[in-house]
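Have a look at the structure below before the remarks.
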Amino acid sequence: MPKFIDSHPMEPFTADELNKLQNAPPDEFGVTHYDILFSEKDNKIYCVLDAPNAEAVHKHHAKAGIECDWVHEVKSTRG
């Protein structure tokens with residue numbers, strides 16, 4: 001499955017909520033979290049997601065009331 005990275009504000013999420021989201025099953029858009037990187041100080045989250053396409057990534061975030069600053073398809077050295 002393709003991988004995507006995106007950026008958006010951390011608010012309204014907390015570190016504890018992000019830790020729970022990390023292991024969430026795929027949502028109805030087929031999106032799962034590969035990794036979630038965040039900075040509370042900078043109010044920024046960088047999600048690395050497995051998703052069928054960029055549209056699914058946008059829908060995944062819109063459901064949570066979040067608008068991404070940007071979304072890019074990426075490849076990983078992990079395979």
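Some notes on this structure:
- Residue match in the stretch 58-76 (condition: touching a Pro at 6+ places or on another chain (Cβ under 7 Å), modelled with pLDDT of 95 or more, open to solvent by 50 Å² or more (accessible area, probe 1.4 Å) and on the phi < 0 side of the Ramachandran plot): yes
- Residue check, Glu28 free of Cβ contacts under 8 Å to residues at least 12 places away in the same chain, open to solvent by 60 Å² or more (accessible area, probe 1.4 Å) and charged (D, E, K, R): yes
- Checking the stated criteria, Pro52 turns out not to satisfy the condition of being in contact with a Ser or Thr (Cβ under 6 Å, 6 or more places away or on another chain) and open to solvent by 30 Å² or more (accessible area, probe 1.4 Å).
- Whichever residue in the stretch 1-25 is open to solvent by 50 Å² or more (accessible area, probe 1.4 Å) and among the aliphatic types (A, V, I, L, M) and, among such residues, is modelled with the lowest pLDDT: Leu21
- Among (1) over 9 Å from the mean Cα position of the chain (by Cα); (2) at pLDDT 95 or above - the single one Val31 does not satisfy: (1)
The values are calculated or read from the model by the stated rules, or taken from the named source; none is laboratory data. Just so it is clear, the structure is predicted and the values come from calculations on it, not from any experiment. Neighbour counts are summed over all protein chains in view; Cβ atoms, including those assigned to glycine, are modelled from backbone coordinates with ideal geometry. In case anyone asks, the SASA skips ligands and DNA or RNA and just uses the protein heavy atoms, side chains included. Shrake-Rupley method; radii C 1.70, N 1.55, O 1.52, S 1.80 Å.
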